[in-house]
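Notes for the one structure printed next.
The values are calculated or read from the model by the stated rules, or taken from the named source; none is laboratory data. Quick caveat: nothing in here was measured; it's all calculated off a predicted structure. Positions of Cβ are backbone-derived with ideal geometry, glycine not excepted, and every protein chain shown enters the neighbour counts. These accessible areas exclude ligands, DNA and RNA; they are computed on the full protein's heavy atoms, side chains included. Shrake-Rupley method; radii C 1.70, N 1.55, O 1.52, S 1.80 Å.
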Amino acid sequence: MTESKVRILYVEDNRDSREMIVALLRETNQNYEVTAVETAAEALDLNGSNSFDLYILDIWLPGMDGVELCRRLRERGVTKPIMFFSAMGVQTKNQDYVLSAGADEFLVKTVDFERFTDTVDRLLDRAGTSDNSD
């Protein structure tokens, strides 16, 4: 029996961060199929032709920011979890702003790094798409 892949879209403009998180996710669960892009425009293009089980966004992106991307994904009917993983957000008002755009979770880079994979698993479990096999 072939297990279906859990598809994750990660949007991050910093190449080093993007590569690190992609490697972490793939190491965490070999069933994660991670697509990583640099801009919101690329994410919207991909979303038009693909479905993802989880979206992980940065706030600061070239062109359109991650908050607007989140809003647009929700407007397009995306119901799967959207999680922010960004350096911005140490203030509660920033987190509230992001969550009001339709995000399910907000983690601050470096501060919440240890919670990252657990949060990914929790959101996928809640969405009914995690296989929890390593």
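Go through region 25-38 residue by residue and tally those that are more than 13 Å from the chain's Cα centre (by Cα) and either surrounded by fewer than 17 Cβ atoms within 10 Å (Cβ to Cβ) or part of a helix (DSSP H, G or I) (or both).
Qualifying residue count for the region: 5.
For Lys109, are the conditions met, namely being of a type in the set (Lys, Arg), touching a residue at least 40 places away in the same chain (Cβ under 8 Å) and closer than 18 Å to Lys5 by Cβ?
Taking the combined requirement at face value, the residue does not satisfy it.
Filter region 39-56 for residues that are crowded, with 17+ Cβ neighbours inside 10 Å, free of Cβ contacts under 8 Å to residues at least 60 places away in the same chain and outside any helix (DSSP H, G or I); which is farthest from the chain's Cα centre (by Cα)?
Phe52
What residue, among those in region 2-24 that are open to solvent by 60 Å² or more (accessible area, probe 1.4 Å) and closer than 19 Å to Lys80 by Cβ, is modelled with the highest pLDDT?
Selected residue: Lys5.
Does region 105-128 contain any residue that is touching a Gly at 6+ places or on another chain (Cβ under 6 Å), at pLDDT 95 or above and either open to solvent by less than 80 Å² (accessible area, probe 1.4 Å) or over 21 Å from Asn14 (Cα atoms) (or both)?
No, region 105-128 contains no residue that is touching a Gly at 6+ places or on another chain (Cβ under 6 Å), at pLDDT 95 or above and either open to solvent by less than 80 Å² (accessible area, probe 1.4 Å) or over 21 Å from Asn14 (Cα atoms) (or both).
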